[in-house]
1. Just one of Ile57, Ile24, Ile17 is more than 23 Å from Pro130 (Cα to Cα), in contact (Cβ under 8 Å) with a residue 12 or more places away in the chain and among the aliphatic types (A, V, I, L, M); which is it?
2. Within segment 12-23, is even one residue within 14 Å of the chain's Cα centre (by Cα), of a type in the set (A, V, I, L, M, F, W, C), under 21 Å from Met137 (Cβ atoms) and modelled with pLDDT of 95 or more?
3. Would you point out the residue of segment 76-95, among those that are farther than 26 Å from Arg229 by Cβ and within 16 Å of ligand 1 (Cβ to nearest atom), that is least open to solvent (accessible area, probe 1.4 Å)?
4. Only one of these conditions is not met by Glu110: (1) within 16 Å of ligand 2 (Cβ to nearest atom); (2) farther than 19 Å from Ser129 by Cα. Which number is it?
5. I'd like the residue in segment 159-210 that is among the hydroxyl-bearing types (Ser, Thr, Tyr), touching a residue at least 40 places away in the same chain (Cβ under 8 Å) and under 27 Å from Leu120 (Cβ atoms) and, out of all such residues, is surrounded by the fewest Cβ atoms within 10 Å (Cβ to Cβ).
6. Hey, any hits in segment 190-199 for a residue that's in a helix (DSSP H, G or I) and under 20 Å from Gly21 (Cβ atoms)?
7. Within segment 211-245, how many residues are open to solvent by less than 80 Å² (accessible area, probe 1.4 Å) and touching a His at 6+ places or on another chain (Cβ under 9 Å)?
8. Within segment 137-145, is even one residue surrounded by fewer than 15 Cβ atoms within 10 Å (Cβ to Cβ) and outside any helix (DSSP H, G or I)?
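The values are calculated or read from the model by the stated rules, or taken from the named source; none is laboratory data. Given the structure is predicted, the values throughout are model-derived calculations rather than measurements. Please note: Cβ atoms are built from the backbone with ideal geometry, for glycine as well, and neighbour counts cover all protein chains shown. Surface areas here come from the heavy atoms of the whole protein model, side chains and all, with no ligands, DNA or RNA. Shrake-Rupley method; radii C 1.70, N 1.55, O 1.52, S 1.80 Å.
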Amino acid sequence: MSSRETIPVLEIFGPTIQGEGLVIGRKTMFVRTAGCDYSCHWCDSAFTWDGSAKNEIRHMHAEEILDELGKIGGSGWSHVTLSGGNPALLSSLALLIDNLHERGFSIALETQGSRWQEWLMEIDDLTLSPKPPSSGMKTDWIVLDKIIARRKEGDRNEGLSLKVVVMDEIDLTYAVQVHQRYPDVPFIIQAGNDDPTSTDPDKLAVKLLKQYACLVDRVMRSEELRNVRVLPQLHALLWGNRRGV
Ligand SMILES: C[S@@+](CC[C@H](N)C(=O)[O-])C[C@H]1O[C@@H](n2cnc3c(N)ncnc32)[C@H](O)[C@@H]1O
Ligand SMILES: Nc1nc2[nH]cc(C(=O)O)c2c(=O)[nH]1
Ligand code: SF4
Ligand SMILES: [Mg+2]
């Protein structure tokens, strides 16, 4: 892997709390990469792929990202979350992952599970978030099967989770399908934010909490969704749709 390869970066921020998933609440830094192979109708990070922030993309070397993490975050953190966009489009992340591990940091990564990279084996907290019908996207079950099988074969089952965003009843049926296909993988049902452009955080929080309560109630009544967790996006409740939090 050449150290000359760059990574298209849109945001570096933190420390903040991981607002979603299995390690919700964990203190972490974020690196958000540009570019996605999907275009989910309700993507809360559409600026990573819709062209609206293309002038903000920086092509950075791993060492530059490490420097900036230190400058922005100081030294009071030990965990970095890589998100996007789809960071799994980028073979160039291998070097950053190695460098972060060499310095003793642990690494989380968020991807929809549509692309394989060898470095997926190195991620400590790997969240796969296949997309339900409301997103308008189609799941590539072959790639998703491969990622989950490879993690299992490589004894990296631990630190793997599935997180399905649910907006409606049809999405919930999809969630059941995913959970039944991979019953051994920790499964999170995430309340969808159907208003990802709202600029009023207080109004949004009230609405999201109501929707979360409905989702909790619905999942509690489900016969199929037994070994699951239901979570909101904590950062959206705290800070709304703001970038960089
Ligand atoms: C912006 S995505 C980036 C990583 C990757 N492309 C993916 O979708 O997993 C990060 C997480 O936010 C979730 N997400 C995106 N838009 C959302 C929304 N409107 N409501 C709830 N979760 C959302 C995704 O499902 C994913 O788990
Ligand atoms: N605090 C916080 N937690 C998050 N968890 C997943 C995020 C993402 O956009 O990938 C995210 C984010 O953008 N902020
Ligand atoms: S896969 Fe993730 S980043 Fe890509 S459009 Fe969907 S939610 Fe957004
Ligand atoms: Mg987000």
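1. Going through Ile57, Ile24, Ile17 in turn, the sole match is Ile57.
2. For segment 12-23, residues within 14 Å of the chain's Cα centre (by Cα), of a type in the set (A, V, I, L, M, F, W, C), under 21 Å from Met137 (Cβ atoms) and modelled with pLDDT of 95 or more: absent.
3. Residue satisfying both the conditions and the ranking: Leu93.
4. Condition (2) is where Glu110 drops out.
5. Filtering first and then ranking leaves Ser161.
6. No.
7. Adding up the residues that qualify gives 3.
8. Taking every residue of segment 137-145 in turn, at least one turns out to be surrounded by fewer than 15 Cβ atoms within 10 Å (Cβ to Cβ) and outside any helix (DSSP H, G or I).
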